[in-house]
Amino acid sequence: MQLSTLNLKNFRNYEEEVFEFENGINVLTGENAQGKTNCAEAIFFLCTGYSPRANKDKLVIRNGQDVAEISGTAISQYGNVSVKIAFNKSDKKEVYVNGLKVLRIGELMGNIHSVFFNPGELKLVQESPEDRRRFLNISLSQMSKAYFYALQRYNKILMQRNNLLKEPNKEMVADTLPIWDKQLCQQAGKIIKTRNEFLTTLAPIAEEKHAMLSGGTETLKMRTESGYEGTEEEIAEQMYSNLKECIERDIRLGYTSIGPHRDDIKFMLNGDDVRHYGSQGQQRTVALAVKLAETETFNARFGEYPILILDDVLSELDKKRQKKLIASVEHMQTVFTATGYDRTVFRDMTATRITIEHGRIKKKEKIVPKKKV
């Protein structure tokens, strides 16, 4: 998959700009605060309908403006697809796919696949289980609309169940809970089974990518902590039984204490939990390996790679790992951001360099490796 054009209007520090990307490696360069990361953010926003940096859409609207727009066209083996997202200060957005307005964000998911990584993605390893579930949900929602809608339904039912648990009339709670629990477990079965399959595919690839980046000095292992296995129906039955066992505790707590909303992933290096015992460099390498593995799962599922967005990643790696990383992604469209273009790192491959200054493209050039004499 290849993003060919990206149009920005009043997005972050961009008044109006058009990017034309090439297949293979694209490098956005410029000084700090010129708009490189804003462009990277816009690409992911176009693919998923969500910003990886802002929790409210209105925060990405250019200062002094009331509306903003992102649009672009991607080329895939299944045909070209165009997407436009328009949003305003009221935090409402309109989404168009191939010129047709879609009413649900789920209809945007899966049209343009992307994988995003920047230093903030270290949360995947360092922070709470919520950040690891977010990783699973974003990736799987791009791969499967069924997963996205099951997740939406699950969250709505979960909210109803949690509200019911706070109801003072405990007799009514006991009578009504089984109805919500059946519905909750049905959606949970779909979510957990999909996550289990995804992680079964992802884990060995992440191990290989980590060995490549680290020189094979450490062994990465991943494991899920959902505790449920089997078919959707078997998982649903297991969880329903567990919910019945937890009723008294859940009523006392006022919320649902088990289910996919409590899932977590553990990353282990040589048997030690990276979150607690890994250095920041080790944690960064693990997170990057997982993201690279994610691109392979997209390729395995759809027969083509997603757009890989690597924001300010090279500055965090030594030269040796920079070269390994670049060599490992040159076969897919990759958008790097960096303050400068290091020709010693990119010297063996063709790349497109786009220099950005004050929210404008200052220069675009194609750089080809010098022929060896």
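The modelled label-to-label distance between residue 90 and residue 77, using points 7 Å beyond Cα along the C-beta direction, is 4.4 nm. For the stretch 194-276, relative contact order (Cα pairs under 8 Å, six or more residues apart, normalised by length) works out to 34 percent. For the stretch 98-154, the solvent-accessible area of protein heavy atoms averages 39 Å² per residue (probe radius 1.4 Å; ligands and nucleic acids excluded).
Give the angle, between 0 and 90 degrees and rounded to the nearest 10, that separates the Cα long axis of helix 36-48 from the longest principal axis of the Cα atoms of the chain. It works out to around 50 degrees. Sorting the segments 338-351, 160-173 by their residues' average number of neighbouring beta-carbon atoms within 10 angstrom, most packed first, yields 338-351, 160-173. Between residue 201 and residue 63, the distance separating the two model label sites (each 7 Å from Cα on the Cα→Cβ line) works out to 4.4 nm. Label-to-label distance for residue 327 and residue 179 is 6.3 nm, based on points extended 7 Å past Cα in the beta-carbon direction.
How high is the relative contact order of the chain, in percent, counting Cα pairs under 8 Å that sit 6 or more residues apart? Intermediate values should be presented prior to the final figure.
On the way: 682 pairs, mean separation 92.6, N = 373.
For the chain, the relative contact order is 25 percent.
Taking the C-alpha atoms only, the angle from helix 319-329 to the longest principal axis of the chain is near 70 degrees. Packing-based ranking of 26-32, 272-278 yields 26-32, 272-278, ordered from highest to lowest mean Cβ neighbour count within 10 Å. Taking the centroid of alpha carbons for each part, the stretch 166-242 and the stretch 59-101 are 33 Å apart.
In order along the stretch 77-89, phi translates into HN-Hα couplings of 5, 9, x, 7, 9, 10, 9, 9, 10, 10, 9, 9, 5 Hz, rounded to whole numbers, per the Karplus curve 6.51 cos²θ - 1.76 cosθ + 1.60 with θ = phi - 60° and x for Gly and Pro.
Work out how much length residue 280 to residue 23 would gain on full extension: take 0.36 nm times their residue separation and subtract the Cα-Cα distance, in nm to one decimal.
Working: separation 257, 0.36 × 257 = 92.52 nm, distance 3.21 nm.
Roughly 89.3 nm would be gained on extension.
On the basis of the beta-carbon distance and an R0 of 41 Å, residue 130 and residue 360 show a calculated FRET efficiency of 0.65.
With contributions of -39500 (n - 2.57) from each DSSP H run of at least four residues, the per-residue ellipticity at 222 nm computed over the chain stands at -14000 deg cm²/dmol. GNM remark for the chain: springs join alpha carbons under 10 Å apart, and the peak mean-square fluctuation among 52, 129, 178 falls on 178.
Amide H contacts of residue 115 (H built 1.01 Å from N, in plane; Pro and chain starts excluded): 307, 308, 309 sit under 5 Å, all sequence-distant by 5 or more or on other chains. The relative contact order of the stretch 10-124 comes to 23 percent, based on Cα pairs under 8 Å that sit 6 or more residues apart. Multiplying the residue separation of residue 248 and residue 347 by 0.36 nm and removing their Cα-Cα distance gives an extension gain of 29.2 nm. Roughly how many percent of the accessible protein surface of the stretch 264-373 is carbon and sulfur, given a 1.4 Å probe and a whole-percent answer? C and S atoms contribute 46 percent here.
Between the stretch 311-373 and the stretch 1-21, the alpha-carbon centres lie 19 Å apart. Label zone of residue 217 (point 7 Å out along Cα→Cβ, amide N under 19 Å): in the stretch 315-338 this covers 315-326. Helix 129-143 and the longest principal axis of the Cα set of the chain meet at an angle near 70°. Rolling a 1.4 Å probe over the protein chains gives residue 113 an accessible area of about 10 Å². Please work out the FRET efficiency for the pair residue 98 and residue 171, using the Cβ-Cβ distance as r and a Förster radius of 56 Å; give the result to the nearest 0.05. Computed FRET efficiency for residue 98 and residue 171: 0.55.
The values are calculated or read from the model by the stated rules, or taken from the named source; none is laboratory data. Since the structure is predicted, the reported quantities are computational estimates derived from the model, not experimental observations. So basically every Cβ, Gly included, is an ideal-geometry build from the backbone, and we count neighbours across all protein chains shown. Surface areas here come from the heavy atoms of the whole protein model, side chains and all, with no ligands, DNA or RNA. Shrake-Rupley method; radii C 1.70, N 1.55, O 1.52, S 1.80 Å.
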